[in-house]
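Worksheet: one structure, shown below.
The values are calculated or read from the model by the stated rules, or taken from the named source; none is laboratory data. Remember, it's a predicted structure, so these values are computed and weren't measured experimentally. Cβ: placed from backbone, ideal geometry, glycine included. Neighbour counts: every protein chain shown. The area values use the complete protein model at the heavy-atom level, side chains included, leaving out ligands, DNA and RNA. Shrake-Rupley method; radii C 1.70, N 1.55, O 1.52, S 1.80 Å.
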Amino acid sequence: MIKSRHIELDEVVKYFHELEDPRSEINRKHPLVSVVVIAVMAVLAGASGPTAIAHWARMKAEFLLQVLELPSGIPCKDVFRRVLMSLQPGAFQSCFVKWLEWLRAQAAEATGIDKPVLAIDGKTLRRSHDRRKGLGALHSVTVWASEFGLSLGQVACEEKSNEITAIPELLRLVDIKGAIITIDAMGTQKAIAGQIIDGKADYVLALKGNQGTLHDAVIAHIDKQSEDDFAKAKARRHITQETGHGREETRSYIQMPVPETLHGLESWKGLQSIGVVTSVCVRDGKETVETRYYISSLPVGVKQFAHAVRSHWGIENTCHWSLDVTYREDESRLRDKHLRENFAWLNRFTLSLLKQHPGKTSLVMKRRSCGWGENFLLEVVMGATI
């Protein structure tokens, strides 16, 4: 059984062989690969920092010594801290690429989805600031494959306003070919739209007042076409209704070809359609109405448009919500620049592993099970039932 485990864990270890060790040779008592693999497993089991990783490792010493190369025994917390502080976040994340490619291929085969929605959005770790060192709270932008439950990449920036520069870098890190990229209004930029089209992907981009003329032009066109209920606009409509958690919500999705007279049309590469989503929510007898506008490189196909919009909301509901509720990420007090970025990536990657596990229990229970039993932990790490 131990030999089998060792062979299977070797499949994980191989992903980190090319990771360059940032430590001086004097301090290399513990193999870098083993330190990283322990960190991944410990975070799966509920660890929230280097001290917790080391404590979990000591508790699982017998298991770890049998399945990993640890000639000097179990590393202490200072080893995990030094490694996660020294590793460049970009280099650290790049070692997960092949692992993620395999997970993505498995998910695509299981779901039959060949044009996935990749939602891009930012999240702030509100307690990760250090005023004494002039370090603002960590804000990271993530690509979330909504249908697959996979975090495919992350780029950190210090403020939400810096998302505009982080998004192009993130798009270069991830294979977007054949996907639908969704971004909120902050990322609705001509250069970003062009980069997505050049990457052989499509986009659905939200509009708000910060787009100025484009935002106003889209609203004006849609309002004019609504006067005769879109009879002349070649528009398509899709309506959904949901009931639950004390609310009733009706969503109306309307999509139509982009008008040739739209101001600035030539500046938006690939732009083919515009859309509007109206949500009417009734909770405790009170009605609220919210309207959102979009531009897209997709041809008119309102159900696909609706699916893309809904999938984008999934990054908040299934990724960010899980990180806050299951991982308690918003309470993190990690304040070293590299340490907090690397740990944020470990959180997102291990969340992806948990999402791939076929068990029906909650994420909280899956994390506990990873801490309680080595067999279940290996099931999650290997992405298959042993």
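Near the amide H of LEU118, within less than 5 Å, lie the amide hydrogens of ILE180, ILE181, THR182, all on another chain or at least 5 residues away, with H placed in the peptide plane.
Think of a 1.4 Å ball rolled over the protein heavy atoms: the chain then has 48 Å² of accessible area per residue.
Using a cutoff of 8 angstrom between alpha carbon atoms and counting only pairs six or more residues apart, the relative contact order for the chain works out to 19 percent. The 3J(HN,Hα) values that the Karplus relation (6.51, -1.76, 1.60; θ = phi - 60°) gives for the stretch 328-334 are, in residue order, 6, 5, 5, 9, 4, 10, 5 Hz. Gly and Pro appear as x. Amide H to amide H distances under 5 Å link CYS157 with HIS139, SER140, VAL141, where only residues 5 or more positions off or on other chains count and H is placed in the peptide plane.
The string of couplings for the stretch 140-157 from the Karplus curve (6.51, -1.76, 1.60, θ = phi - 60°) is 10, 9, 10, 9, 10, 7, 4, 5, 8, x, 10, 8, 9, x, 8, 10, 8, 8 Hz, one whole number per residue in order, with x for Gly and Pro.
Here, the stretch 1-121 has an Rg and a Dmax of 16.0, 50 Å when only alpha carbons are counted. A Förster distance of 41 Å, applied to the separation of the beta-carbon atoms of ARG333 and VAL289, puts the FRET efficiency at 0.55.
Note on LYS14: lysines with a C-alpha under 16 Å away, same-chain residues under 8 apart excluded, are LYS98. Please report the spacing between the Cα centers of the stretch 35-71 and the stretch 89-111 in Å, no decimals. That distance is 22 Å.
Pairs of Lys residues in the stretch 155-297, spaced 8 or more positions apart or belonging to different chains, with C-alpha separations under 21 angstrom: 13 in total. Working ranking of peptides 304-310, 362-368 by packing, defined as the average number of other Cβ atoms within 10 Å per residue, highest first, is 304-310, 362-368.
Using only alpha carbon pairs under 8 Å that are at least six residues apart, calculate the relative contact order of the stretch 1-83 and give it in whole percent.
Details: 66 pairs, mean separation 30.9, N = 83.
Relative contact order for the stretch 1-83 comes out at 37 percent.
Over its Cα atoms, what ratio of radius of gyration to 2.2 N^0.38 Å does the stretch 253-360 give? Could the numbers behind the result be given before it?
Working: Rg = 19.5 Å, N = 108, 2.2 N^0.38 = 13.0 Å.
Normalised by 2.2 N^0.38 Å, the Cα Rg of the stretch 253-360 equals 1.50.
A simple spin-label model places pseudo-atoms 7 Å from Cα toward Cβ; at THR51 and LYS269 they are separated by 4.9 nm.
For the stretch 227-386, relative contact order (Cα pairs under 8 Å, six or more residues apart, normalised by length) works out to 14 percent.
Where the accessible area of the chain is counted over protein heavy atoms with a 1.4 Å probe, how much of it, in %, is carbon and sulfur?
50 percent
Summary of the geometry: the stretch 319-365 and the stretch 184-214, compared by the centres of their Cα atoms, lie 28 Å apart.
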